[in-house]
1. So which chymotrypsin sites (Phe, Trp or Tyr not before Pro) in segment 30-109 pass both tests, a DSSP loop state and at most 13 other Cβ atoms within 10 Å of the Cβ?
2. Which loop trypsin sites (Lys or Arg not before Pro) in segment 54-145, with loop taken from DSSP, have no more than 10 other Cβ atoms within 10 angstrom of their Cβ?
3. Can you tell me the 0 to 90 degree angle between the C-alpha axis of helix 2-18 and the longest principal axis of the chain, rounded to 10?
4. How about segment 21-106: which GluC sites (Glu not before Pro) there are in a DSSP loop, with at most 11 other Cβ atoms within 10 Å of their Cβ?
5. Solvent-accessible area per residue for segment 34-174 at a 1.4 Å probe radius, Å²?
6. ³J(HN,Hα) across segment 159-168 via Karplus (A = 6.51, B = -1.76, C = 1.60, θ = phi - 60°), whole Hz, x for Gly/Pro?
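The values are calculated or read from the model by the stated rules, or taken from the named source; none is laboratory data. Because the structure is a prediction, the values reported are computed rather than measured. Note that we place each Cβ from the backbone using ideal geometry, even for glycine, and neighbour counts take in every protein chain shown. Keep in mind that these areas ignore ligands, DNA and RNA; they rest on the heavy atoms of the full protein, side chains included. Shrake-Rupley method; radii C 1.70, N 1.55, O 1.52, S 1.80 Å.
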Amino acid sequence: MKSYIALFAILFAFTACTQTVEKEVVETEFEHDVLVATVMPVGDSGVAGSVTFTEDENGVAVQGSFTGLESGKHGFHIHEFGDCRADDGTSAGGHFNPAGNEHGAPTDMERHMGDLGNIEANQDGMAMVDYVDETVSLEQILGRGIIIHAGEDDLTSQPTGAAGSRVACGVIGIAQK
Ligand SMILES: [Cu+2]
Ligand SMILES: [Zn+2]
């Protein structure tokens, strides 16, 4: 009889063990290779446009066009938050900086991931951007903000390049291809 009880005990323990359901870990790969931001005026700046971020063999292609700008250079960054609610664009937070680096130029090895430099508007207020960025990661910028500034990013002043107020804001989302 004792041996039966022992056997039941063992069986019970075994069953209890095997019934422990392990949480299935679903590893989803980041599956988006084109992101887009529609950029809209902050206040009555009239600045608008769009920019795409496309996976490229050498990095991420950044391509966009904007209108309504004053001629000259304008700081152009990815900011921490995809939040354009504030009247002055400050809800987008500071430059997106997951590595904790200093502010810099797009060509710098160490920079904020969001440091896309400047766009330059012509006499008609139109600006284009088209280059391959070697620091930007699509997975990390999804859902974050795009900000165009009133002034030029000097690429050195900390922590923002002294680019002045915010004239346009957008949110980086998944593009319909
Ligand atoms: Cu900025
Ligand atoms: Zn920066």
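1. Passing both the DSSP loop test and the Cβ count: Phe30.
2. For trypsin sites (Lys or Arg not before Pro) across segment 54-145 that sit outside H, G, I, E and B with at most 10 neighbouring Cβ atoms in 10 Å, the list reads Arg85.
3. So the inclination is approximately 10 degrees.
4. Glu22, Glu24, Glu27, Glu29, Glu31, Glu57
5. 47 Å²
6. Calculated HN-Hα couplings, in order: x, 10, x, 6, 8, x, 5, 9, 10, 8 Hz.
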